[in-house]
Each structure stands twice: as C-alpha cells, then as structure tokens.
Amino acid sequence: MNRAKRPLWLSGLGLATLLLFGTGAVLALTVSPPDVNQGELIRIMYAHVSVAWVCFLAVGISALFGGLYLWRGRAGHDAWAVASAEGALLFAALTIVGGMTYSKPTLGVYWTWDAKLTLTALLLALLVGYFIVRALIDDRERQGRVSAVIMLVVLASLPFNYLAAEWFRTLHPAKSINLDGSGVTMEPAFVRILLFNTAVAVLAFSYFLLERVRLGRLESARQDEAEREGPAGEAVHV
C-alpha cells in the first residue's frame with residue numbers, strides 16, 4: 001500500500017465539504033432574509049461567527065494533544081497538535097478578516113483596540129509565536145514539549161476572549177447564542193443557517209486536519225529514515 005497516496009475516503013470528505021460549502025454560501029447570500037437592524041450585513045455573520053467558533057475548537061484540540069504529548073511523549077500526539085494549531089492559526093486569521101469586514105460599514109473603521117478585538121489579536125499573535133518557537137528548536141522532543149505549553153497558555157486565554165463582550169466595555173455585539181443556557185436572541189431562520197455554516201466550517205477544518213496529520217506522519221517517517229542513514233545516504237552501523 002502506498003502511504004503517500006491520499007485515502008479515497010479522505011478525498012470523498014473533501015468533495016462533500018466543498019459541495020456543502022457551496023450550499024451554505026447560497027443559504028447565507030440568497031436564502032437568508034436581511035436583519036431588521038443590521039440589514040444585509042447579517043450575511044457576514046454566517047462566515048465570521050462560524051470560523052471564530054472553529055478557531056476555538058482547533059485550539060482546544062491542539063491543547064488536548066499537546067497535553068497528551070507532555071504526558072505520554074508520543075510523536076503522533078505532537079503531529080495532531082501541530083496540525084490542529086495550523087488550523088487554529090488559519091481560522092483565527094479568517095476571524096479577524098471577517099470582523100474587519102463587518103466593522104468598516106458599521107463603525108466606520110476596520111480596527112479599534114477594544115477588549116474583544118485586542119484579545120483576538122493576542123490570540124493570533126500567540127498562535128504565530130507557537131510556530132516561531134517550533135522553528136527555533138531543532139530537538140523534536142523539546143520542540144513538542146515547549147510548543148505544547150504555549151498552546152495550553154493559548155487555551156487558557158479563550159474564556160477571556162469569549163466573555164470579553166460581557167466582562168469589558170467593548171464595541172463588539174453581545175452574544176446572541178449563550179452557551180450557559182440563558183437563551184437565544186436570534187431569529188430561528190438566522191440560527192439554522194448559522195449552524196449549517198458552522199457545521200460546514202467544522203467539516204472543512206476536519207478535512208484539513210486529517211490531511212495535515214497524514215502529511216505530518218509521512219514527513220516524520222522520512223526524517224526518521226534520514227537520521228538512520230549517514231550523511232552520504234548510507235546506513236549507519238552501530
């Protein structure tokens with residue numbers, strides 16, 4: 001079996017995700033009615049909120065596997081942690097882009113340093129720092145342990161980010177869907193389309209995560225093979 005070849009089921013997941021993404025875009029851009037207060041800007045919310053939620057999910061998964069690596073020291077756990085961290089970085093960047101796109105027509109500026117936006121910028125900076133630190137460390141075991149600690153710090157920052165609109169004075173709108181069970185203040189049609197697009201975002205993240213883990217394992221295997229060979233490409237005999 002050729003391990004470098006992408007499994008058929010993974011390609012199928014990618015195709016299904018692409019088709020569902022198109023469906024979600026149609027729902028958001030044409031089926032969804034305009035909001036009473038926000039008008040057509042409500043359509044930005046379907047992308048912005050969904051990628052923000054998936055960013056949080058990706059950080060949680062990366063921190064989980066980073067913690068497992070600290071505990072068990074298995075290279076596979078580090079591969080999952082890195083792959084999920086890459087997804088977190090991507091979705092954090094998309095979150096900021098979506099927020100800036102919404103902010104300009106509503107507030108007149110692309111960026112303002114209030115609590116919510118500042119914490120989101122800090123989240124992105126920490127994720128960038130995660131990969132900078134990994135690049136600076138050559139030893140793979142130490143690289144995995146240090147970066148795992150960084151991701152646990154990123155995870156600890158998420159509650160402050162999520163609750164910033166309630167805890168601090170901020171221009172960011174308050175949550176319309178409260179995870180504490182206090183209720184939903186959004187129209188049912190908006191909720192259904194938002195949840196659909198969030199599910200699509202989760203599928204997209206899952207596809208990229210699984211594909212990156214597959215490539216990471218191939219890269220790790222090649223590195224192990226190169227370390228077993230001499231500088232001239234000959235096997236090292238002990």
Taking region 1-51 and keeping only residues that are out of contact with any Leu (no Cβ under 9 Å at 6 or more places or on another chain) and charged (D, E, K, R), one is left with LYS5, ARG6, GLU40
Would you mention how many residues in region 59-109 are open to solvent by less than 30 Å² (accessible area, probe 1.4 Å) and touching an Asp or Glu at 6+ places or on another chain (Cβ under 8 Å)?
-> 2
Restricting the first residue to region 98-127 and requiring it to be among the basic types (Lys, Arg), which pairs with a second residue that is surrounded by fewer than 14 Cβ atoms within 10 Å (Cβ to Cβ) meet a Cβ separation below 9 Å and a spacing of at least six or different chains?
-> LYS104/TYR110
Could you please find all residues in region 1-55 being under 30 Å from ALA125 (Cβ atoms), open to solvent by 60 Å² or more (accessible area, probe 1.4 Å) and touching an Asp or Glu at 6+ places or on another chain (Cβ under 6 Å)?
-> none
Filter region 139-148 down to residues that are crowded, with 19+ Cβ neighbours inside 10 Å and either free of Cβ contacts under 8 Å to residues at least 24 places away in the same chain or of a type in the set (S, T, N, Q) (or both), then give me how many there are.
-> 1
Can you name the residue in region 149-163 that is under 16 Å from the mean Cα position of the chain (by Cα) and within 13 Å of LEU64 (Cα to Cα) and is also surrounded by the fewest Cβ atoms within 10 Å (Cβ to Cβ) among such residues?
-> ALA156
Kindly indicate whether LEU64 is free of Cβ contacts under 8 Å to residues at least 40 places away in the same chain and closer than 27 Å to ALA199 by Cβ.
-> yes
Sort through GLU234, GLU219, GLU187, GLU227 and tell me the only one that's open to solvent by 40 Å² or more (accessible area, probe 1.4 Å), modelled with pLDDT under 65 and acidic (Asp, Glu).
-> GLU234
Does ARG134 satisfy the condition of being surrounded by 14 or more Cβ atoms within 10 Å (Cβ to Cβ) and within 20 Å of ALA83 (Cβ to Cβ)?
-> yes
In the set ALA25, ALA58, ALA47, ALA63, which member is closer than 25 Å to GLN223 by Cα and part of a helix (DSSP H, G or I)?
-> ALA63
Which listed residue, of LEU122, LEU127, is on the phi < 0 side of the Ramachandran plot, out of contact with any Ser or Thr (no Cβ under 6 Å at 6 or more places or on another chain) and open to solvent by 50 Å² or more (accessible area, probe 1.4 Å) | LEU122
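The values are calculated or read from the model by the stated rules, or taken from the named source; none is laboratory data. Computed from a prediction, not measured in an experiment: that's the story for all the values here. For neighbour counting, all protein chains shown are included, and Cβ atoms are generated from backbone atoms with ideal geometry for every residue, glycine included. Just the protein is used for accessible areas: all its heavy atoms, side chains included, with ligands, DNA and RNA removed. Shrake-Rupley method; radii C 1.70, N 1.55, O 1.52, S 1.80 Å.
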